[in-house]
Amino acid sequence: MLEIKNLHARIADEGTEIIRGLNLTVKAGEVAAIMGPNGSGKSTLSYILAGREDYEVTEGEILFNGESILEMDPAERAASGIFLAFQYPMEIPGVATMEFLKVAMNAQRKARGEEPLKIPELLKRVKEASGALNIDMAMLKRPLNVGFSGGEKKRAEILQMQLLEPKLCVLDETDSGLDIDALKIVSDGVNALRSPDRAVVVITHYQRLLEHIVPDSVHVLYKGRIIKSGDKSLAMNLEENGYAGIIGEAA
Amino acid sequence: MPAVQETIDQVRLIDVDQYKYGFETSIEMDKAPKGLNEDIIRFISAKKDEPQWMLDWRLDAFERWKTQEEPDWARVDYPKIDFQDIYYYAAPKSTPGPTSLAEVDPELLRTYEKLGIPLREQEILAGVKKPGHEESEDGVLADSESQSANGGRRVAVDAVFDSVSVVTTFKKELAKAGVIFCSISEAIREYPDLVKKYLGSVVPQSDNYYATLNSAVFTDGSFVFVPKGVRCPMELSTYFRINEKNTGQFERTLIIAEEGAYVSYLEGCTAPQRDENQLHAAVVELVALDDAEIKYSTVQNWYPGDSQGKGGIYNFVTKRGDCRGDRSKISWTQVETGSAITWKYPSCILRGDDSRGEFYSIAVSNGYQQIDSGTKMLHLGKNTSSRIISKGIAAGFSQNTYRGQVSAHRKATNARNFTQCDSLLIGDQCGAHTVPYIEAKNATTQFEHEATTSKISDDQKFYVMQRGIPEEEAIALIVNGFVKDVIQELPMEFAVEAQKLIGISLEGSVG
Amino acid sequence: MNMHVTPQHTPAEKALIEGYHARVGDLPGDGMVTIKRDEAIEAIKAGLPTRHVEAWHYTDLRRLLTTVPAAATAGNTSALEPLLAGSTVLHVSGGKTQAFPSAQGLSFMRLSDELVEGRGLAALGPTDAADTIGAINTAFVSDGYGVEIAEGVELSAPLELQNLHNGGQVHTRFGVNVGAGAKAVIVERQTGEASALASAITTLSVRDGAEVMYLIVQEQPKGSSHLGQFRATIGKDAKLTVFIMNAGGKLVRQEIIVDAAGEGCDFQLRGVNLLSGDSHTDVTMVLDHSVPNTGSREVIRNVLTDRAKGVFQGRINVHQIAQKTDAKMACNTLLLSDDADFSAKPELEIFADDVACGHGATVTDINEDHLFYLMARGVPEKAGRGLLVKAFLAEVIEELENEAVIEALEAKLDAWFVLHG
């Protein structure tokens, strides 16, 4: 589903290279965890997948379902099925969350040549998804993410992810700032989305989240490259021994 | 109502250079020769069958106008206007004062249909279907949509085509409530005492250059009188349309709310697309007596000129409300997306004790538009309060200035003002300016003013686009969030349309 | 009124014009300087600015400048105790420079010498039609100091420029160049012993990487008219902090004109205006952000008693190329008397899109909740009010982060409260 080949990318403004020859393949139905110490390029990778202009790809390729996405803008990538759950979701003052959901869902439907959702159908979907995530309707009337607590923001991200039904879900440090109850709710939300035709990339610093969202593969990112891949036991190993050992091994 | 929905649909289809209202209606017109002199004024007055006092007032204004100078303090720049190269009177020929819809030229009615104005009373009465009719039972969608749950609100309409009012609807029903809603020409003939008492009492005959010109040559406009204790049973609305070439439009509107009365008035404006500039110099006067409230909303969408800055309306307007009575309230809400140049400061004179003034404004400029707009809140009475929320959005090569004055007179104890003035820049070829004048002459004054200027953050735009919303829509969405505080002050009839208009006005501003 | 007739000159205009013709022969400078002076007096002949000139909207100089004293100042004044102990003091008395002190890293010159020798010409002359202070000063300037702080020098003692007089008219200029990487604290004092008309212009150049704190303390005697102008340019990565205190004079206009001209530079302005009696005090700031990545903060606090009138005009111009400008301005006023009034015009003129700019202005009474709290703790109302007013002003002084400076300025504050609190 996702193939990243020898990817090199730098900060567009100043030219600092962040991703240095990264290779990664994630198959449909797979949950891949990307772990790494601070500053290894984890968040950058998520931004590049989503098409943020601040980064410039200088070499390599990103294929999504066999097609290059490098020339697509963020909205086109989203409509093609890539969803990024942000580490720090942005506040959009004055735009009610519900309104935003409607606009986003219908924009994607339009891009796929589908009819816009009728309001009752939209509401039905939103209600179902919100219930499971413990989001009440009052929260959806508030402007998107404005004044939301850390947990509310993360739950709103997962709600969007469920409603937009992406093919590839990228979760950037979704566990940061969550207490154990919220972590459980969010993880259940992600697990509910696991399916044979959908891939999930979980970016995290800690193994904690992976106890709830159990990965099929674990990849260690360091200095812009995957330096080790394995199964979920690799995450346990990291938890016990830290990154130092693996980094030393790779060096 | 269906007309608004239709408008929205039309609006979706066009891009920035295709000004939606840029069609021209071919109607036989009755025109006075170009130019301005006493004879033209006499001609206008005679056409309107005016009494001598009105003609004298006009001629007096004209004398004063000749001694005045065009103001140059606003941050706008345009070639000198040749006031002799303008038609001061143009009226559709077949409508020498229609008394019912049946008498109105069908071509004219079609024009208004195109504009999305619901003239036909039966249509309005049948207006159950509202925009956003797919209302949810939870009412959790945007406010603008949930408001429509209130059911079919009715709007009485006065339509002004070039120089004359062509039709006013709902007159009979309003009359039952004691409300007078008619063209100002009719009011001068039918209610001379009311007109004499209030005309020029808020904006004096020779208040400023354009207002004086208006006093001399105004051709039509609306007149509203809501008697003591009456809450006007429906929204009142006027649509202004400049159709003829080289025609100035000089409408004069006078609204009086007696003790305890309430009225909400909406004003919409359009003009066809033309290469030359056209002048619009209106005067609006509002008078609120004790405990009265007037809510005045405008969606101004005059032709802004093309993407190269050619053509467009010069919108030089004097609007002022007088909170003459104690506990009276006047609220201005404006959405300014059109006109090549806007020079406009809807103001409140807070004369009555405990009176309140409000100004909510969205000013969007794109292309080569220039806007210098804002308000004046003059606190004269005791315990008066005012609130100003201004949202300016500049794109393209436009210049967008907020200019506002808040002053507390020496005797205005406990005057309160809150001003929030935010500007958004889209692109680095435009300018956003904030020029407030804050004047306190009383120790008990509490004035708070805040202004910010910023751009749409890349982070916000990226976030919204990541959800699959294309760039232009993403910007429109964020901008609509930015102006939300003002949009929600608009009556439902205008709110949805205003949001769409803002989106359209900004089209072509990214890339 | 017909606009095309030259207005009748007011007595003040007349006195300036006639005074000029009587004195021009005695003013320093060569022929070129005299041409400049002649041009400047022509600008005054056209009439002093009225409120119809936007830059003078709240200070109708034509109406407010009612008297112009005779030119001569009576006798010498001796230097004051410096505001900050141990300062190097330069002293102008009645418009004449005095002996130079000696100090390391500093070099001095006299404006009168410069003018006589045909240097310093470029600095003269009004910058535009609204620059009335520039015009008056150019016409009459008699003397002043030029100060050069050498590159990389960190002044061990503050430098204090005193402009003193004994009445009459004083028209002086200071020019200070702070070399790249240098550091300095500079104090400018404007005061005298009898009422006067003073025009005082300072030009300051803060070169790349330099760091300057510049304090202006204006305490002109009652009845004086003070026309001050401070012009600064700030170089790359340099930092300028200006503090201004106005606590005197009858008619005061203090202009602060700053160009944030070097990338990465920072400008800070803090001001305290203590206004009493029948005075009229106008602080007008024009700040240009003319290159990318510059920052500024301005905080002006005003307290008015009696029949005092106060004005703050602040305009921030962000040029088209000045992306990433971060500029914030605030003006807060307490009116302590029903007969006092204050007008503020904080403007933003913005041509670059990637900026964060803002301003705030408030006019309020003291916070009743705070007062109640103090009274509930046994502080009598009058004392409580005084405490809150002082705290309101001290807040901006404390932001200067220099102990000696804070102490000296707070002492000034206390002194004012003894007289007016």
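Bear in mind that the values in this text are calculations on the coordinates, not laboratory data. Fair warning: this is a prediction, and the values are worked out from it, not measured in the lab. No Cβ is skipped: glycine too gets one built from the backbone with ideal geometry, and neighbour counts run over all protein chains shown.
Which shape class, rounded, prolate or oblate, goes with the protein assembly as shown when its Cα gyration tensor gives a ≥ b ≥ c as root eigenvalues, a/c under 1.5 marks rounded, and past that a/b bigger than b/c marks prolate? In terms of gyration-tensor shape, oblate.
Helix A:97-111 and the long axis of chain A differ in direction by around 70°, with both axes built from C-alpha atoms. Remark: spin-label model distance A:S149-C:E81 equals 5.9 nm, labels positioned 7 Å along the Cα→Cβ axis. Spatially, segment C:141-209 and segment A:175-251 are offset by 64 Å when compared through their Cα centroids.
Counting only Cα atoms, the size of segment A:2-250 along its three principal axes is 56, 39, 35 Å, in decreasing order.
If you plug the beta carbon distance of B:R75 and A:R112 into 1/(1 + (r/R0)^6) with R0 = 45 Å, you get a FRET efficiency near 0.45. Taking segment C:237-255 and a reference point 7 angstrom along Cα→Cβ of C:D306, the backbone N atoms nearer than 14 Å belong to C:247-252. Among B:V317, C:V68, the order by Cβ neighbours within 10 angstrom, fewest to most, reads C:V68, B:V317.
Working from Cα pairs under 8 Å separated by at least six residues, relative contact order for chain A is 28 percent.
Estimate the FRET efficiency between A:E121 and B:R231 by the formula 1/(1 + (r/R0)^6), using the beta-carbon distance for r and 25 Å for R0, to the nearest 0.05.
The pair A:E121/B:R231 has a calculated efficiency of 0.05.
Can you compute the modelled spin-label distance between B:K310 and C:A99, with each label point 7 Å from Cα toward Cβ, in nm? Each label point is offset 7 Å from its Cα along the Cβ direction, giving 7.7 nm.
Taking the DSSP beta bridges with both ends in segment C:11-262, the antiparallel portion is around 10 percent. Relative to the current alpha-carbon distance between A:E249 and A:E128, full extension at 0.36 nm per residue lengthens the span by 38.8 nm. Beta bridges assigned by DSSP with both partners in the protein assembly as shown are antiparallel in approximately 15 percent of cases.
Considering only A:V95, A:V26, A:V186, the Gaussian network model of chain A with Cα springs below 10 Å gives its largest mean-square fluctuation to A:V95. Net charge in the neighbourhood of A:L171 (other residues with Cβ under 10 Å of its Cβ; Lys, Arg +1, Asp, Glu -1) is -3.
Note: relative contact order over chain C, using C-alpha pairs below 8 Å and six or more positions apart, is 9 percent.
In plain terms, if you count all Cα to Cα distances in chain C and split them into 10 Å steps from zero, the share in each step is 5, 22, 32, 27, 12, 2, 0, 0 percent.
Using a Förster radius of 56 Å, what is the FRET efficiency between C:D338 and C:A180 based on their Cβ-Cβ separation? Nearest 0.05, please. Computed FRET efficiency for C:D338 and C:A180 comes out at 0.60. For the listed peptides C:15-28, C:236-249, a ranking on the average number of other beta carbons within 10 Å per residue, highest first, reads C:236-249, C:15-28. Modelled this way, with points 7 Å down the Cα-to-C-beta line, the labels at B:D39 and C:D60 are 4.3 nm from one another. Going through the cross-link list B:K344/C:K345; B:K376/B:K455; B:K80/B:K500, which pairs have a Cα-Cα distance over 29 Å in this structure? Result: B:K80/B:K500 exceed 29 Å. Other protein chain C-beta atoms within 10 Å of residue C-beta, averaged over B:479-488: 3. Computed packing ranks the peptides A:206-216, C:263-273 as C:263-273, A:206-216, most packed first, by mean other Cβ atoms within 10 Å. Take each residue of peptide C:356-369, count the partner chain Cβ atoms within 10 Å of its Cβ, and average: the result is 6.
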